[in-house]
Amino acid sequence: MARCAVAQSGDTAETDIFTAIKSDHDTHRALLDRIEDTSGDSQDRRDAWEDFYTHVKSHAAAEEETFYSRMIEKTWGQDMARHSVHEHQELDDLLEDLNQTDMSEGA
């Protein structure tokens, strides 16, 4: 299973946070490709989905705690951070809906 780079970055320099975020986003794209390469209610598809779901959820939580919390402390970053947290909530809602979807159904 892929590990969340943002959660591992801790209190390192901001450039490391950006690198970790980009690395995680690259991992997310690769995991989506893995899902796309599967079909039906197969074990491969369930495993790929579980990896994606777990990774994205932990990434979003770590990103909010590590990155957006710092942005919201600055006047210039408040609107962007709030918008991003809102997008994370929408993504979380979508992930929960998809998590309840029958894997044998079409996309």
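The values are calculated or read from the model by the stated rules, or taken from the named source; none is laboratory data. In this text the structure is predicted, and so the values were computed from the model without any measurement. So basically every Cβ, Gly included, is an ideal-geometry build from the backbone, and we count neighbours across all protein chains shown.
Can you work out which of the residues in the stretch 20-50 that are among the β-branched types (V, I, T) and touching a residue at least 12 places away in the same chain (Cβ under 8 Å) is nearest to S104 (Cα to Cα)?
I35
All but one of (1) at pLDDT 95 or above; (2) surrounded by 15 or more Cβ atoms within 10 Å (Cβ to Cβ) hold for E90, so report the exception by its number.
The failed condition is (2).
Conditions first: (1) of a type in the set (D, E); (2) loosely packed, with under 13 Cβ neighbours inside 10 Å; (3) farther than 14 Å from H88 by Cα. D51 passes all but one, so which condition is the exception?
All conditions are met except number (2).
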